[in-house]
Amino acid sequence: MKYSDVSPPPVPTPAEQRDALAKGLGRARLWAEQGGLTETALREACLQDLRYDRMCEDLRGDWLWEIINAAGFRNAIRVPLLHALHDLSDLSDPENARQLCKLAQHYAASGDTTFRDLLYQIVTQKPLAAADYDFLGESELLTLEGERGFLCAAKSRGAQLDKFDWDWPEESFLREAGELIGETRIRELLSSTSDLDLNRFFKSWQQQLREKAERKQQKRRHHKKQQAQQTEGTSVEMVLEAARGETHCSWFRSWGMQADLIELNVVLGALKSSEEPAVLLNLIKVFSNRTLPEFDSRLIDLCQYPHPELQRRAWVALANLSHSEIREFANRQLNENQPVCLFSLFIRNYQAGDENRLLAALTLPDDDWEKHSVHRSAKRKSDGRPLTAGDGHLPVHSL
């Protein structure tokens, strides 16, 4: 059997060089290191974004910078890049400008102040007429200059907000800046300035946050209103009938949150007397997010029931209660099989001195999602205080 030789030619033609640079092939880097890549081909790739599918492939600026240095063309390509950056408004393709700004960032990071000054100029003057590219240079300046770059870009956007409304570009800019320098520091920088444009940017941002919070509250109120309307006309008799005839009864949780004490006692009575696993599973959903009217040892029995989902639901309901029998049960389980939900029982049944014993028993699972749940549950509260080992509390496994 014959195999085709697909190894890169040692002396590539101009067409082969352009093809490799357009496709982002590793052979372009290899030729650069071996002296086989020409300045002409590389200059073209730097001045024009040659990507075929820009939706799937990231900008080539970082990759091209590596090739520029591998080929030793940093000085040779410098001047053409400067000319192109000075005349961004003449570019036929705005994506070329994005690639040029990324290369400018690398030149500036290497100590070339001319490119740094150009980035400031681009962010301030916004040379491209296309509104979708008013972010040009911001990411590079943020990465390069940190807080100083942020203030320059924020001031420029603040000036625009005198004529235009706040929109997704401002949100995207703040998100990136927050990841780089932190939202707290951003607030400090913007709240301590007397610059009119920065103040406008800050006020617009705060107004957006207030409107978001209000929309969130409205959504919550609407959701609660819907829940109330759904359960308002549902009697406890209808709940019991559905528990005996339906499969999932997922709406029992919201009904339980709206039910009064008398209705909850009726459901609890049915929970005590029923023996069918399917019915028990439905009934106990009522107490998923609502404390039972009183403790009943039947819940402890259900925690050990040979039905995984019913068993899990019983642990959830039991963890909402504080009772001496629950604590005794939790201590017994701690010394025996230590099920996943065990530590949740100590949230409302904790006693000073438990922390060392519980910490010794706590092990992190191998699964990343389960491990995340353990760490996240450290933020849960008992008696209004964070569950941390330092103040005598323990991170517990979330349900």
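The values are calculated or read from the model by the stated rules, or taken from the named source; none is laboratory data. No experiment lies behind these values; they were computed from the predicted model shown. Cβ sites come from the backbone with ideal geometry, for glycine too, and all protein chains shown count toward neighbours. These accessible areas exclude ligands, DNA and RNA; they are computed on the full protein's heavy atoms, side chains included. Shrake-Rupley method; radii C 1.70, N 1.55, O 1.52, S 1.80 Å.
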- Under 13 Å from a point 7 Å along the Cα-to-Cβ line of SER172: which residues of region 117-144 have their amide N that close? 131-140
- Query: Hey, in the GNM for the chain with a 10 angstrom Cα cutoff, which one of SER297, SER204, SER89 fluctuates hardest?
  - Reply: SER297
- In debye to the nearest 20, the charge dipole size for the chain, taken about the Cα centre with +1 at each Lys and Arg Cβ and -1 at each Asp and Glu Cβ, equals 740
- Task: State whether region 68-165 is rounded, prolate or oblate according to the following rule on the C-alpha gyration tensor (a ≥ b ≥ c being the square roots of its eigenvalues): a/c under 1.5 gives rounded; otherwise a/b larger than b/c gives prolate, and the remaining case gives oblate.
- Result: oblate
- Item | Out-of-range pairs (alpha-carbon distance over 26 Å; input LYS102/LYS212; LYS224/LYS285; LYS102/LYS155) | LYS102/LYS212
- Query: Excluding the sites themselves, what is the longest stretch of the chain that contains no trypsin sites (Lys or Arg not before Pro) in a DSSP loop with at most 16 other C-beta atoms within 10 Å?
  - Reply: 164-378
- In percent, how large is the relative contact order of region 17-131, given Cα pairs closer than 8 Å and 6 or more residues apart? 25
- Per residue accessible area in Å² of the chain, where ligands, DNA and RNA are left out and the probe is 1.4 Å: 56
- Message: Explain nothing, just the number: relative contact order of region 296-362, from Cα pairs under 8 Å at least 6 residues apart, as a whole percent.
- Response: 29
- Message: Can you classify region 28-99 as rounded, prolate or oblate using the Cα gyration tensor, where a ≥ b ≥ c are the square roots of its eigenvalues, rounded means a/c under 1.5, and otherwise it's prolate if a/b beats b/c and oblate if not?
- Response: oblate
- Note on the structure: Restricting to Cα pairs under 8 Å and 6 or more apart, the percent relative contact order of the chain works out to 7
- Message: Within region 39-124, what whole-number % of the accessible surface is contributed by carbon and sulfur, with the 1.4 Å probe and all protein chains included in the calculation?
- Response: 46
- Item | For region 204-211, 3J(HN,Hα) per residue [Karplus equation, 6.51 cos²θ - 1.76 cosθ + 1.60, θ = phi - 60°, Hz, x = Gly/Pro] | 5, 5, 4, 5, 5, 5, 5, 5
- Message: Cut-off under 19 Å on the C-alpha distance; same-chain residues fewer than 8 positions from LYS225 excluded. Which aspartates and glutamates are left, in chain and number order?
- Response: GLU214, ASP260
- Find how much the distance from LYS272 to HIS86 grows on full extension, using 0.36 nm per residue of separation minus their present alpha carbon separation; answer in nm with one decimal. 59.0 nm
- When only DSSP loop residues count, what GluC sites (Glu not before Pro) in region 10-117 have their Cβ near at most 15 other Cβ atoms within 10 Å? GLU57
- Note on the structure: For the chain, the percent of all C-alpha pairs falling in each 10 Å bin, from 0 up to the bin holding the max distance, is 4, 16, 16, 14, 13, 15, 14, 6, 1
- When the chain is treated as a GNM, springs tying every alpha-carbon pair under 10 Å, which of VAL316, VAL11, VAL286 comes out with the largest mean-square fluctuation? VAL11
- Message: If you fit an axis through the alpha-carbon atoms of helix 261-273 and take the longest principal axis of the Cα set of the chain, what angle between them do you get, 0 to 90°, nearest 10?
- Response: 80
- Message: Run the numbers for MET55 and LYS216: contour at 0.36 nm per residue of separation, minus the present Cα-Cα distance, in nm.
- Response: 54.8 nm
- Message: Which one, ILE300, LEU88, SER324, projects farthest toward the positive side of the charge dipole computed for the chain from Cβ point charges (K/R +1, D/E -1)?
- Response: SER324
- Query: Using alpha carbons only, what's the Rg to Rh ratio of region 116-234 with Rh from Kirkwood?
  - Reply: 1.16
